[in-house]
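Trainee: Mind having a look at this structure? Questions to follow.
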Amino acid sequence: MTDWSTLVAPGFSELDSFALGETVAGVQARYGLDEVVKLNWNENLFGPLPGVVEAVREELDGVALYPELVNTAFREEVARYVGTKPESVVPGHGTLALIGTLATVFLRPGDRVVVPAPAYGLYAQLSAIRGASVERVALRELALDLDAMARAASETSARIVWVCDPHNPTGSALDRAKWERFLDALPAGCVAIVDEAYIDYLPVERRVRRELDVESGRPVVLLRSFSKFFGLAGLRLGYAIVDEGLAPYLDLVEEPFNVNCAGLAAGRASLRLTDVADRRRAEVAEARHALSQGLHDAGLEPQPSVANFVLARVDVDDVALAEGLAARGLLIRPGADFGLPGSVRITVGPIPLMDRVAAEVLAVCQALRG
Ligand SMILES: Cc1ncc(COP(=O)(O)O)c(C=O)c1O
């Protein structure tokens with residue numbers, strides 16, 4: 001037998017393996033359920049914007065050919081949407097792929113990075129795989145503690161500080177003043193990489209517009225996703241917004257043709273639908289409000305959220321609540337999974353579903369309260 005742990009690169013034994021979780025089929029089989037609704041991964045339960053799947057179908061006629069190598073059409077469409085230059089747009093097969101690309105571009109063994117805790121797990125994991133040591137900075141009252149993060153970056157001479165805004169798992173968003181103060185406090189030599197996977201849920205006037213910082217030459221990199229607001233998680237598409245001088249380094253690390261033609265077509269079509277997107281944004285906000293209200297009425301404490309999920313404190317065991325809901329065909333994420341025991345995170349979906357969730361949460365909580 002080959003002992004692979006002795007052959008893989010050093011350092012892997014100290015890393016936690018990525019928890020893939022139970023499959024939907026597994027939950028169905030365990031509880032004898034015909035249907036299970038996933039409210040645990042912040043997927044888009046409203047679906048892609050109308051017409052986008054048709055744009056993908058048309059593209060499928062051309063699958064025998066490689067996608068365009070330099071992705072000009074996609075970069076131009078994104079640049080128009082964001083309000084930046086096409087040269088600053090680097091596509092990738094999901095934000096997750098771009099997190100890895102950036103870790104490779106910036107990190108070498110022994111480097112230090114700062115991450116908020118809790119936060120999306122991949123910043124720490126992919127940094128550690130590159131040999132970096134990870135400095136975790138706790139949230140303060142469920143918000144990013146930017147002062148402490150900038151201090152940690154200075155004290156450790158960090159190469160990267162990973163920021164997630166709007167933040168997962170809290171759903172909170174920064175304002176421009178807080179962001180600017182943080183950026184000014186970062187030490188020289190440190191890059192702020194901001195995961196904006198949920199930014200499209202914010203109305204344009206409420207966005208921090210960090211692309212202006214990228215354009216003005218600050219050490220800032222932005223990551224965006226088509227998996228959330230645009231409902232294209234299965235097509236795996238995201239992009240980075242970077243300084244033109246940095247883009248060639250990302251191109252060097254990413255394998256050519258790493259985004260597929262169906263995903264690119266879906267992305268381009270989605271960005272053209274600005275009016276439809278505005279209506280969808282309002283629809284999600286209404287459903288988020290319905291969920292928060294329902295959770296509040298069930299005795300939970302929902303946190304304000306700008307994204308497609310709500311974090312709520314519960315007065316019962318969060319794992320038992322999640323399990324009780326799974327038995328009723330609703331998967332949610334217990335806070336114990338991501339370092340916030342006593343809370344649950346629930347994805348926002350259409351209002352009738354949110355009403356059902358609130359009723360089931362109440363029923364399970366009442367049973368658990370005894
Ligand atoms: C903060 C954050 N970043 C990135 C992702 C994944 O994005 P993508 O599907 O574009 O890789 C998620 C998915 O849950 C997320 O919550």
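Trainee: Name the helices (runs of 4 or more DSSP H) wholly within the range 62-136 that hold at least 1 residues that are out of contact with any Asp or Glu (no Cβ under 6 Å at 6 or more places or on another chain), of a type in the set (A, V, I, L, M) and within 19 Å of Met149 (Cα to Cα)?
Mentor: Hits in the range 62-136: 95-106, 122-129.
Trainee: Taking the range 54-99 only, how many residues are of a type outside the set (Gly, Ala, Ser) and either in contact with a Ser or Thr (Cβ under 9 Å, 6 or more places away or on another chain) or more than 13 Å from Ala262 (Cα to Cα) (or both)?
Mentor: Result for the range 54-99: 21.
Trainee: Could you give me the residue pairs with C-beta distances under 7 Å whose first residue belongs to the range 319-345 and is assigned by TED's automatic domain parsing to the domain that holds Asp355, whose second residue is among the hydroxyl-bearing types (Ser, Thr, Tyr) and surrounded by fewer than 19 Cβ atoms within 10 Å (Cβ to Cβ) wherever it lies, and which are 6+ apart or on separate chains?
Mentor: Short answer, once both residue conditions are applied: Ala326/Tyr31; Ala327/Tyr31.
Trainee: For the range 54-72, what are the residues that are surrounded by 15 or more Cβ atoms within 10 Å (Cβ to Cβ) and of a type in the set (A, V, I, L, M, F, W, C)?
Mentor: Of the residues in the range 54-72, the ones surrounded by 15 or more Cβ atoms within 10 Å (Cβ to Cβ) are 55-56, 59, 67, 71.
Selection gives Ala55, Val56.
Trainee: Filter the range 109-130 down to the residues that are surrounded by fewer than 20 Cβ atoms within 10 Å (Cβ to Cβ) and under 15 Å from Thr156 (Cα atoms) and list them by number.
Mentor: Pro109, Gly110, Asp111
Trainee: Return the residue satisfying two criteria in turn: it lies in the range 21-40 and is within 16 Å of the ligand (Cβ to nearest atom) and at pLDDT 95 or above, and of such residues it is surrounded by the most Cβ atoms within 10 Å (Cβ to Cβ).
Mentor: Leu39
Trainee: Here are the criteria: (1) within 16 Å of the ligand (Cβ to nearest atom); (2) in contact (Cβ under 8 Å) with a residue 60 or more places away in the chain. Tell me which single one Gly234 does not satisfy.
Mentor: Every listed condition holds for Gly234 apart from (2).
Trainee: I would also like to ask the following. So, of the residues in the range 77-116 that are among the charged types (D, E, K, R) and within 18 Å of Leu250 (Cα to Cα), which turns out to be farthest from the ligand (Cβ to nearest atom)?
Mentor: The qualifying residue farthest from the ligand (Cβ to nearest atom) is Arg108.
Trainee: Inside the range 89-99, can you point out the residues that are touching a Leu at 6+ places or on another chain (Cβ under 9 Å) and surrounded by 20 or more Cβ atoms within 10 Å (Cβ to Cβ)?
Mentor: Those that are touching a Leu at 6+ places or on another chain (Cβ under 9 Å) and surrounded by 20 or more Cβ atoms within 10 Å (Cβ to Cβ): Val90, Pro91, Gly92, Gly94, Thr95, Leu98, Ile99.
The values are calculated or read from the model by the stated rules, or taken from the named source; none is laboratory data. The model shown is predicted, which means the values in this text are computed figures rather than measured ones. Methodologically, a virtual Cβ is constructed for each residue, glycine included, from the backbone with ideal geometry; neighbour enumeration extends over all protein chains shown.
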